[in-house]
1. Do the conditions hold for residue 81, that is, is it assigned by TED's automatic domain parsing to the domain that holds residue 17, more than 27 Å from residue 13 (Cβ to Cβ), over 21 Å from the mean Cα position of the chain (by Cα) and loosely packed, with under 12 Cβ neighbours inside 10 Å?
2. Considering each of 86, 107 in turn, give the residue that is touching a helix residue (DSSP H, G or I) at 6+ places or on another chain (Cβ under 6 Å) and either surrounded by 10 or more Cβ atoms within 10 Å (Cβ to Cβ) or part of a helix (DSSP H, G or I) (or both).
3. Return yes when residue 96 is touching a helix residue (DSSP H, G or I) at 6+ places or on another chain (Cβ under 6 Å), modelled with pLDDT under 80 and assigned to a helix (DSSP H, G or I) and no when it is not.
4. Among the numbered conditions (1) surrounded by 10 or more Cβ atoms within 10 Å (Cβ to Cβ); (2) assigned to a helix (DSSP H, G or I); (3) at pLDDT 85 or above, tell me where residue 119 comes up short.
5. Report yes if residue 149 is surrounded by 15 or more Cβ atoms within 10 Å (Cβ to Cβ) and either in a helix (DSSP H, G or I) or in contact with a helix residue (DSSP H, G or I) (Cβ under 8 Å, 6 or more places away or on another chain) (or both), otherwise no.
6. How many residues are free of Cβ contacts under 8 Å to residues at least 12 places away in the same chain and surrounded by 12 or more Cβ atoms within 10 Å (Cβ to Cβ) when one looks only at segment 47-63?
């Protein structure tokens, strides 16, 4: 049985990013959690490339990496030469079979529990999200209506300012 590790949930949760519509973790963050060097982790991945199809792991583009670095204010000094690999939930799960250590197994169990909590939170708040979307649509429509009213008011003001003299018809007194 794998030993219990004492990594706070918040630390693992802070290392989960949303990229390309998927919740992923960086290879360097996983290496830190597993207490191995990033290059060693990536060596094991290369040796077991068949276990990591595109939906389990992919490499970030330089643009995605630049955007991600700007989110957590990483220094441009030193560091990586290549864009990082990122792992989806299934990729993280597969890592435990590649990194067959007690620590890797314990960390993966903890990560899988956190992924499950995230899914439960999203599922439980789905109704709330749907309500918020409905309100946003209403607000968007109201904004369009208000803009239309202001356009009509502007037209009326312009007509009033550019009033042509009218010729009166009828009996003169």
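The values are calculated or read from the model by the stated rules, or taken from the named source; none is laboratory data. As the structure is a computational prediction, the values presented were derived from the model and not from experiment. Quick reminder, even Gly has a Cβ in these numbers, built from the backbone with ideal geometry, and neighbours come from all protein chains shown.
1. Numbers: assigned by TED's automatic domain parsing to the domain that holds residue 17: yes; more than 27 Å from residue 13 (Cβ to Cβ): yes; over 21 Å from the mean Cα position of the chain (by Cα): yes; loosely packed, with under 12 Cβ neighbours inside 10 Å: yes.
Here the answer is yes, as residue 81 does meet what is asked.
2. Numbers: 86 fails: touching a helix residue (DSSP H, G or I) at 6+ places or on another chain (Cβ under 6 Å).
Result: 107 is the single residue among 86, 107 that is touching a helix residue (DSSP H, G or I) at 6+ places or on another chain (Cβ under 6 Å) and either surrounded by 10 or more Cβ atoms within 10 Å (Cβ to Cβ) or part of a helix (DSSP H, G or I) (or both).
3. Spelling it out, residue 96 is indeed touching a helix residue (DSSP H, G or I) at 6+ places or on another chain (Cβ under 6 Å), modelled with pLDDT under 80 and assigned to a helix (DSSP H, G or I).
4. For residue 119, the failing item is (3).
5. On the way: surrounded by 15 or more Cβ atoms within 10 Å (Cβ to Cβ): no; either in a helix (DSSP H, G or I) or in contact with a helix residue (DSSP H, G or I) (Cβ under 8 Å, 6 or more places away or on another chain) (or both): yes.
Criteria not met by residue 149.
6. 1
Residue by residue, here is whether (1) over 16 Å from residue 24 (Cβ atoms); (2) modelled with pLDDT under 85 holds:
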| site | (1), (2) |
| --- | --- |
| 40 | yes, no |
| 47 | yes, no |
| 55 | no, no |
| 63 | no, no |
| 69 | no, yes |
| 74 | yes, yes |
| 77 | yes, yes |
| 90 | no, no |
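Listed here are the residues, each with its yes/no results for (1) in contact (Cβ under 8 Å) with a residue 12 or more places away in the chain; (2) closer than 15 Å to residue 16 by Cα.
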| position | (1), (2) |
| --- | --- |
| 45 | yes, no |
| 65 | yes, yes |
| 85 | yes, yes |
| 98 | yes, no |
| 107 | yes, yes |
| 134 | no, no |
| 138 | no, no |
